[in-house]
Every structure is written in structure tokens, then in C-alpha cells.
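Working notes for the structure below.
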Amino acid sequence: MKRRYALITHSKKECNICAAWIVITLMSALYLAPAAAAIDWESSSAVMAAARSVLPQSKSNVYTGSSPRTRGWIPACGHPLSAHITTISRWFTTVHVYCAKKSSATGATWSIYVPFQRSYIQNVVVARHFLPASVVIKRKDIRKESKRINAQSGSICTHFSEVIGQTLNAGVPSGYPLRPQNLLSPLLVRQGERVMLEARVGNVLVRTMGTALNNGRDGESLLVRNDTSRKVLTGVVAPDGAVLLTANSNRQPT
């Protein structure tokens, strides 16, 4: 009985030592306890390998993609990964990669979509030598050259027929590709020329002659003078060189 009473009446210093011993004992028990089994995460390289395995194979095609982050959210499948292409276009391809069977790590299935950008080799039209602005392109001015192109390359001319006879709106260095935005269509109407004016009134198409007051290309706005009324009108140059009067013009060109 005295021993039990003596234990209860330990000094403050002795109690502090006892409490510290209890804390140390508990921490040791936690550290020495068996650790829970760690989750295995799917390898990002394995996902990329599965995605690339279904891409169309070609020497000229190159598919560029970034490895997805898998650690921390995609458990290891434990089985061969499945994959198929979901979308494919001129510049982009998306592959669906998934664990068809339940994951050995978590017993769940998962899927991920991996995007790729496509580039490929194509023959494009390039300048044979420096071409100054306003020059009318001839066959001797251009040649074809194989270049790798992708979505960032923009529109590039691939046929001679797209550029021969066109006028450059800016200079193009030797070896540079020719682009649609570099080209002006040929002049269809020149200042001072007589042109056909056309206006539609209901279901009736009215035509008369006029004189162009400035140069015009297909689709461009043009000032014309009606040779009969002498009025100055506004029209749009048609592919055949006629001038279609706009709503702001006198609708009766006679």
C-alpha cells in the first residue's frame, strides 16, 4: 500500500521524466510498426509507348507529344495497356490509352487521352531567287522543295498553278515558301477601261457599260462611272471582270 501511494505522489520532476518516457515509447512503436503497402503508379513511358504503338507508321510523318503525368493519380495497371485512335486530322491526333482489366494495385480501371501533333514532309513551292514586291510570278521564278511542315507552318502553296501569274504583295527571299497571303490575284480591271456594270432588280438582271476609275482585282471594291447617267457608283469586281453594283450604288445602271 505504501508503494502504491508513493507512485501517486511522485515529484514533479519524476512525473516529467515519466511522461517523456511514455512519449518516446509511443513514437518508437509507431516507427517500428509495419508500413502500409505503397501504391505502384503507372509509368508515363508505358502510357506513351502504348499510345505510339497505334499511330500510323510512315517515314515522312512525325508525331510529337508530351508524356502525361501519371504518378500520384494513375495506379499501375499490371496488365498490357490498350489503346486506340479517337481523332485524327491533318495536324493533330488523339489516342485513348486505358487499363482494360482491373488494376492489380487498386482493383479499378482507368483511361487517359494522349494528344499528338503531326508534322510531315511535303513538296512546297519556294522562290528560286529573291522575288521583289509587285513582281508577276513566272515559272522560272519558282521551284519545288521538300520541307517538313506542321500546324505552325501555316498555309503554304504546293502547286505551281497556285502562284504562276500572281503578283507578290511583299518580297520573298530565295528558298522561302510562297504562301497564299503573299499573293495578289491578277488585275482584272484597269483604270480607264470600259467594263460591264451589272445590277439585279428583283428577278431582273440589268446591264450597261461603264468606265473603271481605278484598278481592281477579283473581289475588290471598285469605283466606276455609268457611261449613260455619268453617275459615279461603287461595285465589286467579279471573276469574269464585270462589276457588280453594291447596295450603296444606284441600283439602276441605265
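The values are calculated or read from the model by the stated rules, or taken from the named source; none is laboratory data. The shown structure was predicted, so the numbers you read here are calculated from the model rather than taken from an experiment. Cβ: placed from backbone, ideal geometry, glycine included. Neighbour counts: every protein chain shown.
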Test: S82 is loosely packed, with under 14 Cβ neighbours inside 10 Å, outside the structural domain of I156 (by TED's automatic domain parsing) and either within 28 Å of I156 (Cα to Cα) or among the hydroxyl-bearing types (S, T, Y) (or both): no
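Per-residue answers, yes or no, for (1) touching a residue at least 24 places away in the same chain (Cβ under 8 Å); (2) touching a strand residue (DSSP E or B) at 6+ places or on another chain (Cβ under 8 Å); (3) under 23 Å from Q166 (Cβ atoms):
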position	(1), (2), (3)
L197	yes, yes, no
L223	no, yes, no
S229	yes, no, no
G241	yes, yes, yes
Based on this model, can you work out whether L222 counts as over 30 Å from V124 (Cβ atoms) and under 42 Å from the mean Cα position of the chain (by Cα)? yes
Can you name every one of the strands (runs of 3 or more DSSP E) wholly within region 82-197 that holds 3 or more residues which are within 30 Å of D227 (Cα to Cα)? 187-189
